[in-house]
Amino acid sequence: MISPDQDRRIPVAVWLTTALLLILAAVGSWPYGFYMLRLVVCVASIFVAWRLGQHRPLIWVFIFIAILYNPVFRVSFERDTWKILNVVSALPYVVVGFLQRSRRADR
């Protein structure tokens, strides 16, 4: 039987891939097509916020990230500012990964 906690888990592919893409965007200079990253980060952030359940402060962090990276109403910053925002935006994904791993270890 699947427990409610297990049902709300965020797949590793979602949080890890999004965090890695954000870090890669921060450290590299990529062709314009790579910056479809906005769509990936926005969708992943909405998904993670939806799945988080009881972690209310983290839900708001992911909603903010989804708004920041939304591809429709674009937020514009200089490239150096985006590099910082990319690294800072990757951190909540890593936190979610560690929270899930620690919850799994507690069982």
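Exactly one condition in (1) surrounded by 13 or more Cβ atoms within 10 Å (Cβ to Cβ); (2) touching a helix residue (DSSP H, G or I) at 6+ places or on another chain (Cβ under 6 Å) is false for Val75; which is it?
Val75 satisfies all of (1) surrounded by 13 or more Cβ atoms within 10 Å (Cβ to Cβ); (2) touching a helix residue (DSSP H, G or I) at 6+ places or on another chain (Cβ under 6 Å) except (1).
Look at Val95 and say whether it is β-branched (Val, Ile, Thr), within 14 Å of the chain's Cα centre (by Cα), at negative phi and crowded, with 17+ Cβ neighbours inside 10 Å.
Values: β-branched (Val, Ile, Thr): yes; within 14 Å of the chain's Cα centre (by Cα): yes; at negative phi: yes; crowded, with 17+ Cβ neighbours inside 10 Å: no.
Criteria not met by Val95.
Which number in (1) open to solvent by 100 Å² or more (accessible area, probe 1.4 Å); (2) modelled with pLDDT of 95 or more marks the one condition that Ile65 misses?
Unmet condition: (1).
Between a residue in segment 54-82 that is under 21 Å from Gly28 (Cα atoms) and any residue that is open to solvent by less than 60 Å² (accessible area, probe 1.4 Å) and β-branched (Val, Ile, Thr), which pairs come within a Cβ distance under 7 Å, given they are 6 or more apart or on different chains?
So the pair list comes out as Ile65/Val41; Leu68/Val75; Tyr69/Val41.
Which pairs have Cβ atoms under 7 Å, sit 6 or more apart or on different chains, and link a residue in segment 1-20 that is at negative phi to one that is outside any loop (DSSP other than H, G, I, E, B) and modelled with pLDDT under 75?
Asp5/Arg103
Does Val48 satisfy the condition of being open to solvent by 40 Å² or more (accessible area, probe 1.4 Å), assigned to a helix (DSSP H, G or I) and at pLDDT 90 or above?
Values: open to solvent by 40 Å² or more (accessible area, probe 1.4 Å): no; assigned to a helix (DSSP H, G or I): yes; at pLDDT 90 or above: yes.
Against the criterion (open to solvent by 40 Å² or more (accessible area, probe 1.4 Å), assigned to a helix (DSSP H, G or I) and at pLDDT 90 or above), Val48 does not qualify.
The values are calculated or read from the model by the stated rules, or taken from the named source; none is laboratory data. Quick caveat: nothing in here was measured; it's all calculated off a predicted structure. Quick reminder, even Gly has a Cβ in these numbers, built from the backbone with ideal geometry, and neighbours come from all protein chains shown. The area values use the complete protein model at the heavy-atom level, side chains included, leaving out ligands, DNA and RNA. Shrake-Rupley method; radii C 1.70, N 1.55, O 1.52, S 1.80 Å.
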